[in-house]
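Below you'll find the structure, written out as structure tokens, and then a few comments.
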Amino acid sequence: IKGITMKNYISLIEYIIENTDMNIALIPHVIWEDNNDDRLPSKELYEKFKNTNRVVLIEDDNCEVLKGYISRCRFFIGARTHATIAAYSSGVPTLVVGYSIKAKGIAKDIFGTYENYVIPVQSLENSDDLINSFTWIYENEDKIKNHLTTFMPTYKKRGLEAKKEIEELII
């Protein structure tokens, strides 16, 4: 993460530390050697804020363990599709820092819109853009949780039904 994106993450962490009593867990999700390793920016952010005693760095682990961490979060802010799906499916209000059209499509499937749920990384222009998006998620926490609680069971069921139909086509 470089430039304005990293500045936004730094500003957001500062905002959360200064304005809430929440702690922050940095949870890496993609670990690839080709310069696509979430541990690197996570460690950089952790080093910057470790003295606050409110930021923890989660080690890489299997997807079940990482989903366990994500499911215990009050909010989730993430850029990785599988991590945000883990949050949605656990009923955690989620802000997606979207890199792809998939992020918008998933949010639109779940909420009927991606507005306020996805902030395209390409649209980050000011260091407080992520704070503004997080504030909306924070202010609508109960509404989002209620929606996820009622919507996700049916959404998951539809996904399993689609899987079954695809398997029948292949066999």
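Brief remarks follow.
- Checking each residue of the stretch 156-169 against the condition of being part of a helix (DSSP H, G or I) and either of a type in the set (S, T, N, Q) or under 17 Å from the mean Cα position of the chain (by Cα) (or both) gives no match.
- Of ALA87, ALA83, all but one fail to be of a type in the set (A, V, I, L, M, F, W, C), open to solvent by less than 10 Å² (accessible area, probe 1.4 Å) and modelled with pLDDT of 95 or more; the exception is ALA87.
- Extreme residue, nearest to THR81 (Cα to Cα), among residues of the stretch 111-131 that are open to solvent by less than 70 Å² (accessible area, probe 1.4 Å) and part of a helix (DSSP H, G or I): VAL121
- The set of residues in the stretch 137-154 being touching a residue at least 40 places away in the same chain (Cβ under 8 Å) and surrounded by fewer than 17 Cβ atoms within 10 Å (Cβ to Cβ) consists of ASN140, GLU141, LYS145, THR149, PHE151, MET152.
- Filtered residues of the stretch 116-140 (kept if at pLDDT 95 or above, of a type in the set (Ser, Thr, Tyr), in contact with a Ser or Thr (Cβ under 9 Å, 6 or more places away or on another chain) and farther than 20 Å from SER100 by Cα): TYR138
- Test: residue in the stretch 132-150 that is among the basic types (Lys, Arg), farther than 22 Å from THR20 by Cα and part of a helix (DSSP H, G or I): no
- When ALA103 is tested against the conditions (1) open to solvent by 60 Å² or more (accessible area, probe 1.4 Å); (2) within 14 Å of the chain's Cα centre (by Cα), the lone failure is (1).
- The stretch 155-171 - residue that is open to solvent by 80 Å² or more (accessible area, probe 1.4 Å) and aliphatic (A, V, I, L, M) and, of those, farthest from ALA87 (Cα to Cα): ILE171
- Of LYS67, LYS48, LYS108, all but one fail to be open to solvent by 70 Å² or more (accessible area, probe 1.4 Å), part of a helix (DSSP H, G or I) and in contact with a helix residue (DSSP H, G or I) (Cβ under 6 Å, 6 or more places away or on another chain); the exception is LYS67.
The values are calculated or read from the model by the stated rules, or taken from the named source; none is laboratory data. Just so you know, these numbers come straight off a predicted model, no measurement behind them. Glycine gets a Cβ as well: all are built from the backbone with ideal geometry, and neighbour counts include every protein chain shown. We work out accessible area using only protein heavy atoms, side chains counted, and drop any ligands, DNA or RNA first. Shrake-Rupley method; radii C 1.70, N 1.55, O 1.52, S 1.80 Å.
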